[in-house]
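Undergrad: Take this structure first; my questions come after.
Bear in mind that the values in this text are calculations on the coordinates, not laboratory data. Values in this document were obtained by computation on a predicted structure and should not be read as measured data. All Cβ positions, glycine included, derive from the backbone under ideal geometry; neighbour counts span all protein chains shown.
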């Protein structure tokens, strides 16, 4: 009996530790039962929920849409009319809470009342914005994005196991941009932000020199990420990338806290089916453990294990379409030259018509 109880206790401890290590991350993709209630918005296909048009504080009547409102919306600071044409308010954006490393099979979860969590949304100008956790059959974060640039949303969950405090940081970087606002704002005015006051451990994606608001990761392309602990670069942090297509790669950060990750070319299709706007998603995981004596809820712990997650999308490589275009151009040139050559050859083979008349009356 004692042996059985001991085994059950050990099994419970192991199971709890495994559950604590299961990653929790934020996703753009809604569960099947919610797909009809959600629209995709923006280049990255953010999940978006429409405003309630029956609400008296909003109106979609164009007669109430004044020219002054239209002009002010170009600055990105007025949300009288957004890109979805819901006059009077901004679109509500959503990030779904999921658990598990497999993008296809990760479950949609909801946080119970016993979960110690915090949520934060930072604007492109490092200002805290309203964000709420909606609980139901599944949980999701809901917020607005009115300023143009990169938003950062954080879900931080703490869970003690043994003498270790597990901290899962689920982050998403959201680009808010509409071409209707123009392109007067340069990307340099929106640098990569990190927030040690929100989380000690964080991963950021480094910007490319040529990057603008239309930039999108592609398969076959390189991305550089940097691990930071309390604002300083971390060497030796383990970073794992899982793609929607099932590719997985694990690397360690260098002395600058950086890793270069190349998304393999994993989109192959017949040319009739090529879709340059097709989005596949990836999940970035990072592990980092520090030995630190801390007290959490009046209990001492000797280690902190950080589990960081960040998800985004990538598209098929541009070279697929570039090669297709060049192939079409070469084909057209060859066709035109061949037809031209045949035409010229036939024209040169033609003999001019000559009519000869004989006059028998003429004498030698």
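Undergrad: Provide 180, 348, 205 in ascending order of the number of other Cβ atoms located within 10 Å of each residue's Cβ, fewest first. Each step should come with its number before you reach the end.
TA: Details: 180 11, 348 7, 205 17.
Final ranking by Cβ density, sparse to dense: 348, 180, 205.
Undergrad: Determine the gain in length on full extension of the stretch residue 335-residue 290; use 0.36 nm per residue of separation and subtract their C-alpha separation, reporting nm with one decimal.
TA: Here the segment from residue 335 to residue 290 would lengthen by 9.6 nm.
Undergrad: Label points 7 Å out from Cα along the Cβ direction at residue 255 and residue 238: separation in nm?
TA: Modelled inter-label distance: 2.4 nm.
Undergrad: Taking a ≥ b ≥ c as the square roots of the Cα gyration tensor eigenvalues, with a/c under 1.5 meaning rounded and otherwise prolate when a/b beats b/c, else oblate, which class fits the stretch 127-174? Can you show the working numbers first?
TA: On the way: a/c = 3.33, a/b = 1.73, b/c = 1.93.
Taking the square roots of the gyration eigenvalues as a ≥ b ≥ c, the stretch 127-174 is oblate.
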